[in-house]
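Heads up: the structure comes next, in structure tokens.
The values are calculated or read from the model by the stated rules, or taken from the named source; none is laboratory data. Since this is a predicted model, take the numbers as computed values, not measurements. All Cβ positions, even for glycine, are placed from backbone atoms using ideal geometry, and neighbour counts span all protein chains on display. Surface areas here come from the heavy atoms of the whole protein model, side chains and all, with no ligands, DNA or RNA. Shrake-Rupley method; radii C 1.70, N 1.55, O 1.52, S 1.80 Å.
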Amino acid sequence: MESKGLRQWLKLNLAVIVLLFMKAEAGYAPITILQNAVAKGAVCLDGSPPAYHLVKGYGTGINSWLVHMEGGGWCNDVTSCLARKTTRLGSSKEMVTSLPFSGILNDKQEFNPDFYNWNRIKVRYCDGSSFTGDVEEVDPKTQLHYRGARIFDAVMDDLLAKGMKNAQNAVFSGCSAGGLTALLHCDKFRALLSKEAKVKCLPDAGYFIHAKDLSGEPHVEDYFNQIVTTHGSAKNLPKSCTSKLKPELCFFPQYFASEITTPIFVLNSPIDSWQIKNIFATSNADPKRYWHNCREDLNQCTPDQLNRVQDYRAEFLKALSVVGNSPSNGEFIDSCYLHCQTELQQLWQWSDSPSLANTTIANAVADWFHDRKPFQQIDCPYPCNPTCHNRTSEPPKSSPTL
């Protein structure tokens, strides 16, 4: 009898969960291919036109715009860029024609209370440089085009023509490599709109720090140098930074974030799972795979390993401190082991979403944007926050890890 009752209980609760997810299921947004951008040289790695997905706003949101930049890492040399060239991260020919919008892009008020009826755009990522590259020459052998900065300009021009020029409110956001884009191009985006418009930037998991790996090697600095060199990015990085530092250092927000004049809200984990795996405990720095289990699940870390993860957290917070405590800026720095939180409904706004000061990410961002109240919260060290549920979430397939 107990077994039968348990099965019935599980079936009932499973049905409730399924119904909840169906209720929160995201609507789909059709793709827009910018054919006219090709004439401007604004093309993906393979030479195909750039693209974005748009759902038009309505009602009170008709003159409000949310532009979200897709993530998906970078390519740092010819080999890695060729590998991307035949995927959706390097060609609009490989992109799906419609994309589910969830989290900050969701069209349901219950799950996205402040932005559900805005004009919501997801800009597809197919250049591999966080929209900073611009090399005129195209190698006839590889036919690779490094034109990320031109894609940014072409997409923004098209959105302005479709009504964004009349925006009264605008959020410029992005996840992962797109989060870095939201920082690098924040002031540039703001300059596109009228001075009367309220414009703010929301980088999600885009605050990559300048740190050494386990062995003490500057792996990520070398990697960023290769990206900047391959894509010719230096001229499109913040001049306040490149005038003082090597261009590759200006891919690290800690060296230019203090110069951003537009309000920013930094959403990040100081133990971001991508950073732990790819900046700190890299496979090259761990040839004997001593860190393998710990990298995948912090519950599997030894006390010594967890102490080193906490050291990375401290280094992250030090790098973040340059943003300052201006009331115009916001911070949601949770100690969940994950990467990207704006597009996953369960993390953005859900019954058990991660929270700080009893506030979900969706509510914190909205309160900050609308000037209802400031929000600058830094979590206690892992694993103190029970709302994290020790998540190891990664971005949805439409926005892969870096």
* Asked: Among the residues of the stretch 52-71, which ones are in contact (Cβ under 8 Å) with a residue 60 or more places away in the chain and either assigned to a loop (DSSP other than H, G, I, E, B) or of a type in the set (Ser, Thr, Tyr) (or both)?
  -> Tyr52, Lys56, Gly57, Asn63, Ser64, Glu70, Gly71
* Which residues, counting only those in the stretch 73-85, are out of contact with any helix residue (DSSP H, G or I) (no Cβ under 6 Å at 6 or more places or on another chain) and either closer than 10 Å to Cys126 by Cα or buried (at least 19 other Cβ atoms within 10 Å of the Cβ) (or both)? -> Cys81, Arg84, Lys85
* Mind listing whichever residues of the stretch 222-232 are open to solvent by less than 40 Å² (accessible area, probe 1.4 Å) and on the phi < 0 side of the Ramachandran plot? => Phe224, Ile227, Val228, Thr230, His231
* On the given criteria, is Phe332 over 18 Å from Cys175 (Cα atoms) and of a type in the set (Phe, Trp, Tyr)? -> no
* Structure fact -> Note: among Asn358, Asn385, just one is more than 22 Å from Phe256 (Cα to Cα) and either in contact (Cβ under 8 Å) with a residue 60 or more places away in the chain or in contact with a strand residue (DSSP E or B) (Cβ under 9 Å, 6 or more places away or on another chain) (or both), namely Asn385
* To do: Could you grab me the full set of residues in the stretch 111-142 that are over 30 Å from Gly41 (Cα atoms) and either of a type in the set (Ser, Thr, Tyr) or without any contact (Cβ under 8 Å) to a residue 60 or more places away in the chain (or both)?
  => Tyr116
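For (1) free of Cβ contacts under 8 Å to residues at least 12 places away in the same chain; (2) in contact with a Gly (Cβ under 9 Å, 6 or more places away or on another chain); (3) in a loop (DSSP other than H, G, I, E, B), each residue gets a yes or a no:
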| residue | (1), (2), (3) |
| --- | --- |
| Pro203 | no, yes, no |
| Tyr207 | no, yes, yes |
| Asp213 | no, no, yes |
| Asn225 | no, no, no |
* Does Leu183 fit the bill of being open to solvent by 10 Å² or more (accessible area, probe 1.4 Å) and touching a residue at least 12 places away in the same chain (Cβ under 8 Å)? -> no
* **Selection count, the stretch 206-221, where residues are touching a helix residue (DSSP H, G or I) at 6+ places or on another chain (Cβ under 8 Å) and either hydroxyl-bearing (Ser, Thr, Tyr) or open to solvent by 10 Å² or more (accessible area, probe 1.4 Å) (or both)** => 7
* Asked: Any idea which residue in the stretch 344-370 is nearest to Pro100 (Cα to Cα), counting only those that are out of contact with any Leu (no Cβ under 9 Å at 6 or more places or on another chain) and aliphatic (A, V, I, L, M)?
  -> Ala362
* Would you say Lys85 is over 25 Å from Ser353 (Cβ atoms), among the basic types (Lys, Arg) and touching a strand residue (DSSP E or B) at 6+ places or on another chain (Cβ under 7 Å)? -> no
* Taking only pairs six or more apart or across chains, which ones have beta-carbon atoms under 6 Å, a first residue in the stretch 316-330 that is under 15 Å from Pro270 (Cα atoms), and a second residue that is at pLDDT 95 or above and of a type in the set (Gly, Ala, Ser)? -> Val322/Ala257; Val322/Ser258; Val323/Ala257
* To do: Among residues belonging to the stretch 316-357 that are acidic (Asp, Glu) and in contact with a His (Cβ under 9 Å, 6 or more places away or on another chain), point out the one that is surrounded by the fewest Cβ atoms within 10 Å (Cβ to Cβ).
  => Asp352
* Asked: Considering only helices (runs of 4 or more DSSP H) fully contained in the stretch 293-380, which possess at least 1 residues that are of a type in the set (S, T, N, Q) and more than 19 Å from the chain's Cα centre (by Cα)?
  -> 303-320
* Name, by its number, the condition in (1) touching a helix residue (DSSP H, G or I) at 6+ places or on another chain (Cβ under 8 Å); (2) modelled with pLDDT of 95 or more; (3) surrounded by 21 or more Cβ atoms within 10 Å (Cβ to Cβ) that does not hold for Ser399. => (2)
* To do: Starting from residues that are hydrophobic (A, V, I, L, M, F, W, C), under 25 Å from Ser355 (Cα atoms) and assigned to a helix (DSSP H, G or I), keep the ones in the stretch 258-282 and report whichever is most open to solvent (accessible area, probe 1.4 Å).
  => Trp274
